[in-house]
Structure formats: structure tokens, C-alpha cells
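Here is the structure we will look at.
The values are calculated or read from the model by the stated rules, or taken from the named source; none is laboratory data. Model, not experiment: these values are computed from the prediction. So basically every Cβ, Gly included, is an ideal-geometry build from the backbone, and we count neighbours across all protein chains shown. Calculation scope for accessible area: heavy atoms of the full protein, side chains included, ligands and nucleic acids excluded. Shrake-Rupley method; radii C 1.70, N 1.55, O 1.52, S 1.80 Å.
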Amino acid sequence: MSEPIIVEDNNFDQMVLKAKTPVLVDFWAPWCRPCKMIAPILDELAGEYGEKMTIARINVDENPKTAASYSIRAIPSMLLFKQGKPITNIVGFKPKAQLKEDLDAALG
């Protein structure tokens, strides 16, 4: 079973932008209640999508450079990257079914 990976400012390029498969990056912080609510949903989706998509988490408090470079102003924010470019942005908590629907539409 797949599980989310942890990325940081110093490995974001390698782990996300140069990834061979799409990567959903969850921008979060430990004090963010909606972030804590969506975390188990992302854990489930990581297992369901398996090899088709990687789910990554980046703590915005510890990694402000990456968050700033993508203009993350509200969390949770999730950016889906494909071939090194963000293709969709999801802001705020969403139920699993709606999040899966948004991801499937973006992935094609």
C-alpha cells in the first residue's frame, strides 16, 4: 500500500517537479484543523491511486520558500503537478468523494 511522502524546500524539485508520475502536494501546518481532517483522506487516496499518482505533504511553517513560490495563502491547499507543472489547485477541506472526483477530472 502506498502512503504519502514528506517533501521539503530542499528536495521539492527532485521529489515533485522531476517525478515521473503526477504528484498531489498537500500544503499543511500542524495547527490547521482542516489539514488534520483531510490527512486520513489523503492517506486512503494514496493507497487507492497507488502507482498512478504520488501524494506528498509539505509543512508550510517549516518550508516557507516552496509555499511562497506557489502563492499558498490558505491551507489546506493541494496542488496537483504533472510533468513538473501545477495543473489544478484545490483549497480547503473536501469530502473524499468530491476530492477524488476533482483529481480524476484533472488526471484525465
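Name the residues in segment 1-13 that are assigned to a helix (DSSP H, G or I) and either hydroxyl-bearing (Ser, Thr, Tyr) or open to solvent by less than 10 Å² (accessible area, probe 1.4 Å) (or both), would you?
Across segment 1-13, the qualifying residue is only PHE12.
Would you confirm whether or not segment 14-33 contains a residue that is touching a helix residue (DSSP H, G or I) at 6+ places or on another chain (Cβ under 8 Å) and either part of a helix (DSSP H, G or I) or basic (Lys, Arg) (or both)?
No: segment 14-33 contains no residue that is touching a helix residue (DSSP H, G or I) at 6+ places or on another chain (Cβ under 8 Å) and either part of a helix (DSSP H, G or I) or basic (Lys, Arg) (or both).
Assess whether GLU51 counts as being open to solvent by 30 Å² or more (accessible area, probe 1.4 Å), closer than 18 Å to GLU101 by Cβ and among the charged types (D, E, K, R). Before the answer, list the steps.
Details: open to solvent by 30 Å² or more (accessible area, probe 1.4 Å): yes; closer than 18 Å to GLU101 by Cβ: no; among the charged types (D, E, K, R): yes.
Spelling it out, it is not the case that GLU51 is open to solvent by 30 Å² or more (accessible area, probe 1.4 Å), closer than 18 Å to GLU101 by Cβ and among the charged types (D, E, K, R).
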